Amino acid sequence: MAQFRFAFLLQLAIDQREDAARLMQAAQAAWLLARSKLEQVDGFRNEYRARLANSAQTGMSIGQWRDYQLFLAKLDGAADQQIFEVERLALEYERHKNDWQSCERKVKAFEALRDRHNQAELRKEGQQEQKLLDEFNSRLGRY
């Protein structure tokens, strides 16, 4: 059977796909971690707002009120930064996912070429075997 002449390119495409998959998985993990941190910040922010409402009902000084407001503003800023980070990491994940899909399409194309090559080689071998059998049978008929 003849060697598939694009075997090197197929292996290169497979290696690129594996690298792209690793990058995609790392990007997905970073994105999910950032989402988790955002949920933590949101939970803490909601808890702190509930504390503020509870303290406001029982009475608090202007200084305490200001401290709550300043801290809530910092939490809001942290949440905004985390939202930005989540969105940035989501875009990065999508980019890596698209890269992986592109590599996957390339691998599939080379695999299809390899499969066609193998089928053609099997057909050739079958034809050669049939030719040999026909020759053998025709020689038997002559003797």
When the helix-only estimate is applied to the chain (DSSP H runs of n ≥ 4, each -39,500 (n - 2.57), divided by the residue count), what is the mean residue ellipticity at 222 nm, nearest 500 deg cm²/dmol? -35500 deg cm²/dmol
Based on the mean of other Cβ atoms within 10 Å per residue, sort peptides 49-60, 113-124 so the most packed one is first. 113-124, 49-60
Förster-model FRET efficiency, 30 Å R0, Ala109 and Asp134, C-beta, rounded to 0.05: 0.20
If the label point is 7 Å along Cα→Cβ of Leu122, which residues in region 2-25 have backbone nitrogen under 15 Å from it? 2
Compare the peptides 18-30, 128-140 by average per-residue count of other Cβ atoms within 10 angstrom and give them in order, highest first. 18-30, 128-140
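Each value in this text was obtained by applying a stated rule to the coordinates, not by laboratory testing. Given the structure is predicted, the values throughout are model-derived calculations rather than measurements. In this analysis, Cβ positions are derived from the backbone assuming ideal geometry, glycine residues included, and neighbour counts consider all displayed protein chains.
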